[in-house]
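One structure is given below, encoded as structure tokens.
The values are calculated or read from the model by the stated rules, or taken from the named source; none is laboratory data. Computed from a predicted model, the values in this text were never measured in an experiment. Cβ sites come from the backbone with ideal geometry, for glycine too, and all protein chains shown count toward neighbours.
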Amino acid sequence: MDYEVIDTEDVPITDLSEVEGVPPDLDIRPVGRQLGVSNMHVTLWYFEPGEEIQYHAHSEQEELYYAIEGEFSLKLGRSGEEEYVEVGPGAFWVAEPKIGHGHRYVGDDTGVVLAVGAPAVDDPGLDPHGINDEEIDGA
């Protein structure tokens, strides 16, 4: 593939509540999969009021987020040093491998976040409270 162009509406919505063993129960559009991207994960996440992606970390994957619609309360940082940051549309945030991150939708309508993770590996969430500083600094 040299290039690919799609419209958001051309990417089917996946209801994660119907996928066994995959939290959280949110709707997503797996944009990267639809485009055939192999070096990163690209996903649109849809949030209703109060929905969240709980605080977690990844062993290898770095993640970049962009708030498209709505207001979010972020929990970011190493275990024991977490900070809470309120953001709205137009905000970017990033989490390096082994650094905790999570976000809750605090708006009134539907919130939308674009998430890009690389490398494109199967990297399930880790408990950031179980990662020590030597593991982070040695990464």
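Of all residue pairs spaced 6 or more apart or on separate chains, those with beta-carbon atoms under 6 Å, a first member in region 69-98 that is under 22 Å from Leu44 (Cβ atoms) and a second member that is among the small types (Gly, Ala, Ser) and part of a strand (DSSP E or B) are Glu69/Gly111; Gly70/Gly111; Lys75/Gly102; Glu86/Ser73; Val87/Ala67; Pro89/Ala67; Ala91/Ala67.
Take the conditions surrounded by fewer than 18 Cβ atoms within 10 Å (Cβ to Cβ) and out of contact with any Ser or Thr (no Cβ under 6 Å at 6 or more places or on another chain) and apply them to Glu81. Does it pass? Yes, satisfied. Residue count for region 1-32, restricted to those that are buried (at least 16 other Cβ atoms within 10 Å of the Cβ) and either assigned to a loop (DSSP other than H, G, I, E, B) or among the charged types (D, E, K, R) (or both): 5.
Among residues of region 51-62 that are buried (at least 16 other Cβ atoms within 10 Å of the Cβ), those with a beta-carbon under 6 Å from a residue that is outside any loop (DSSP other than H, G, I, E, B) and at pLDDT below 90 at least six positions away or on a different chain give the pairs Ala57/Leu126; Ala57/Pro128. Residues being among the hydrophobic types (A, V, I, L, M, F, W, C), buried (at least 17 other Cβ atoms within 10 Å of the Cβ) and on the phi < 0 side of the Ramachandran plot are entirely absent from region 119-130. Checking each residue in region 33-50 for being farther than 10 Å from Ala120 by Cα and touching a residue at least 40 places away in the same chain (Cβ under 8 Å) picks out Thr43, Leu44, Trp45, Tyr46, Phe47, Glu48, Pro49, Gly50.
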